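Okay, structure first, notes after.
Bear in mind these aren't lab numbers, they're just calculated from the coordinates by the rules spelled out. Quantities reported herein were computed from a predicted structural model and do not represent experimental measurements. Virtual Cβ from ideal backbone geometry, glycine too; neighbours counted across all protein chains shown.
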Amino acid sequence: MSDEPKESTTEEAAEAKQHTMADANSPEARFTILVSSIATQALVGLGEFEHPITKQKEIDLGSAQYSIDLLQTLVDKTKGNLNPDEERYLTGILYDLRMRFVDATNKPEEKPSE
């Protein structure tokens, strides 16, 4: 019998399995994918895309504002830690979303015709 603890072998196997599952089932985690995901949530809230559950374009300015605020938090918390392309990407998307938000808040409400 070996005096080595069995635990380390089990941990190594679990780690190898986790890496294999991550490689096979998901794309590489990237900063731009995170930003795009949050931006897409904002666009859904602005009524630009269909809501994934209702399949309707619905305006939810509160939800859009929350997503925009999350992106601003990323700007604040990653300051000085992004490469120039990532920084440009994040600030560009944030600017675009803010302009769309202003347009959405200034748009007159549609009233059903009788």
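Remarks
- In order along segment 97-107, the Karplus-derived 3J(HN,Hα) couplings, from 6.51 cos²θ - 1.76 cosθ + 1.60 at θ = phi - 60°, round to 5, 5, 5, 5, 5, 4, 4, 5, 6, 8, 6 Hz, and Gly and Pro are given as x.
- HIS51 long-range amide H proximity, modeled H, under 5 Å: GLN56, LYS57, GLU58
- Packing-based ranking of 92-103, 75-86 yields 92-103, 75-86, ordered from highest to lowest mean Cβ neighbour count within 10 Å.
- Pair ASP103, LEU82: separation of 7 Å Cα→Cβ label points (nm): 2.1
- In order along segment 38-55, phi translates into HN-Hα couplings of 5, 5, 5, 4, 5, 5, 5, x, 7, x, 7, 10, 5, 5, x, 8, 7, 6 Hz, rounded to whole numbers, per the Karplus curve 6.51 cos²θ - 1.76 cosθ + 1.60 with θ = phi - 60° and x for Gly and Pro.
- Per-residue ³J(HN,Hα) for segment 80-91, Karplus 6.51 cos²θ - 1.76 cosθ + 1.60, θ = phi - 60°, Hz, x for Gly and Pro: x, 10, 9, 6, x, 5, 5, 5, 4, 4, 5, 5
- Exposure proxy order (Cβ contacts within 10 Å, fewest to most) of SER26, SER36, SER63: SER26, SER36, SER63
- Less than 5 angstrom separates the built amide H of LEU46 from those of ASP60, all sequence-distant by 5 or more or on a different chain.
- Whole-number D in µm² s⁻¹ for segment 30-106, Kirkwood Cα-pair radius fed into Stokes-Einstein, 20 °C, 1.002 mPa s: 169
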